[in-house]
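This report refers to the structure that appears directly beneath it.
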């Protein structure tokens, strides 16, 4: 009897994150950089600029035109080609100083850490910088030029930067986003677009007892409009409507509300469904549901689009690149992952154009983002940086 002995050679898994990457993460997380904290975001951007300069990047910090956000950071490194591999991450978090969530804490077993923005997106920043440092240590003159973009207000929307992102899209061969990976470690091959509407209704105030018939209740009108708009959600078409904020009146019981407003979030997978929604939305806003009893006076209503991002979908080229990324993740983490569309929008949406491969979710892994339980799997600082370094070798 012959015995066939087969030896399997399994690549060793990355089971550590370097001390320098963990130290950088701690340093960034301990700086409060809520979107509205201009000083904090600026401090984070300066640290990242210094890290990029140490890798021979040329850096530029551009102040916000509105003055309400921190500066935009652009780092560039010239390669053999004038076209760019563009990397995008963000320096702001959803946690302002008053949130009470301000500390960085490592778990007792040393495997995870908690803190404001630790996974969204300071872990992604560390993965990006660590991966670039390893890659450039072996390739000091890359095939393509490299462009790192660190946005200051991803969490609140930045319409003022949209033209600039579109410009940078045109000379990019690929855009790589460092938002967190999905909960199971998978990466993001597409994102829905979103549009933010602000709607305002003006009615007529009146005494709620003596002159009720003369009032035109803006809150009631707004409620009817929001009910109609919410019913436009269509899961079969991957279109959702969310009422994010409502306010109105004078904080009194006995005054017919004279003015009310709301903020509405709409998500869509393609431009056609967005445009169909918008047409119906306009009709609802123009329609008056509430009239005064005394003189049949209607409300007046208006809206504005305060922010918008386009959707992006997988391209044949991005799917080929994703196949390589999945193989590298399995090599270094010992787990198979997929690529999926995310329901959320991000900075990568703003680079969308026909034929451009965009891949997101290349940051570290963790969970509970946007909550005070937000955490990061520290080992993935090392593994995802290694994935990035090896991936860039393919270009």
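Identify the single condition in (1) under 21 Å from residue 373 (Cα atoms); (2) surrounded by fewer than 24 Cβ atoms within 10 Å (Cβ to Cβ); (3) in contact with a strand residue (DSSP E or B) (Cβ under 6 Å, 6 or more places away or on another chain) that residue 83 does not satisfy, given that it satisfies every other one.
With (1) under 21 Å from residue 373 (Cα atoms); (2) surrounded by fewer than 24 Cβ atoms within 10 Å (Cβ to Cβ); (3) in contact with a strand residue (DSSP E or B) (Cβ under 6 Å, 6 or more places away or on another chain) applied to residue 83, the lone miss is (1).
Kindly provide the set of residues from region 158-175 that are over 14 Å from residue 83 (Cα atoms) and either at pLDDT 95 or above or surrounded by fewer than 20 Cβ atoms within 10 Å (Cβ to Cβ) (or both), ordered by number. So that I can check it myself, show each step before the final result.
To start, the set of residues in region 158-175 that are over 14 Å from residue 83 (Cα atoms) comprises 158-166.
Matches in region 158-175: 159, 160, 162, 163, 164, 165, 166.
Can you tell me how many residues within region 27-37 are out of contact with any helix residue (DSSP H, G or I) (no Cβ under 7 Å at 6 or more places or on another chain) and crowded, with 20+ Cβ neighbours inside 10 Å?
Matching residues across region 27-37 total 1.
Say we look at region 301-327 and pick out the residues that are part of a loop (DSSP other than H, G, I, E, B) and under 18 Å from the mean Cα position of the chain (by Cα); which of these is farthest from residue 387 (Cα to Cα)?
The extreme case among them is 310.
Out of the residues in region 230-253 that are over 29 Å from residue 341 (Cα atoms) and touching a strand residue (DSSP E or B) at 6+ places or on another chain (Cβ under 7 Å), state the one that is surrounded by the fewest Cβ atoms within 10 Å (Cβ to Cβ).
So in region 230-253, the residues over 29 Å from residue 341 (Cα atoms) come out as 246-253.
Of the ones still in play, those that are also touching a strand residue (DSSP E or B) at 6+ places or on another chain (Cβ under 7 Å) are 246-249.
Details: 246: 15, 247: 12, 248: 21, 249: 17.
Ranking the candidates gives 247 first.
Given the criteria closer than 24 Å to residue 153 by Cβ, more than 23 Å from the chain's Cα centre (by Cα), modelled with pLDDT of 95 or more and part of a strand (DSSP E or B), does residue 261 qualify?
Values: closer than 24 Å to residue 153 by Cβ: yes; more than 23 Å from the chain's Cα centre (by Cα): yes; modelled with pLDDT of 95 or more: yes; part of a strand (DSSP E or B): yes.
For residue 261, the condition - closer than 24 Å to residue 153 by Cβ, more than 23 Å from the chain's Cα centre (by Cα), modelled with pLDDT of 95 or more and part of a strand (DSSP E or B) - is met.
What number of residues within region 256-283 satisfy the criterion of being farther than 24 Å from residue 349 by Cα and buried (at least 17 other Cβ atoms within 10 Å of the Cβ)?
Summing the residues that are farther than 24 Å from residue 349 by Cα and buried (at least 17 other Cβ atoms within 10 Å of the Cβ) in region 256-283 gives 7.
Please go through region 98-118 and pick out each residue that is in contact with a strand residue (DSSP E or B) (Cβ under 7 Å, 6 or more places away or on another chain) and outside any loop (DSSP other than H, G, I, E, B).
Once the filter is applied, which keeps residues that are in contact with a strand residue (DSSP E or B) (Cβ under 7 Å, 6 or more places away or on another chain) and outside any loop (DSSP other than H, G, I, E, B), region 98-118 yields 105, 106, 112, 113, 114, 118.
The values are calculated or read from the model by the stated rules, or taken from the named source; none is laboratory data. Keep in mind the model is a prediction, meaning the values are calculated, not measured. Don't worry about glycine lacking a Cβ; one is built from the backbone with ideal geometry, like all the others, and counts go over all protein chains shown.
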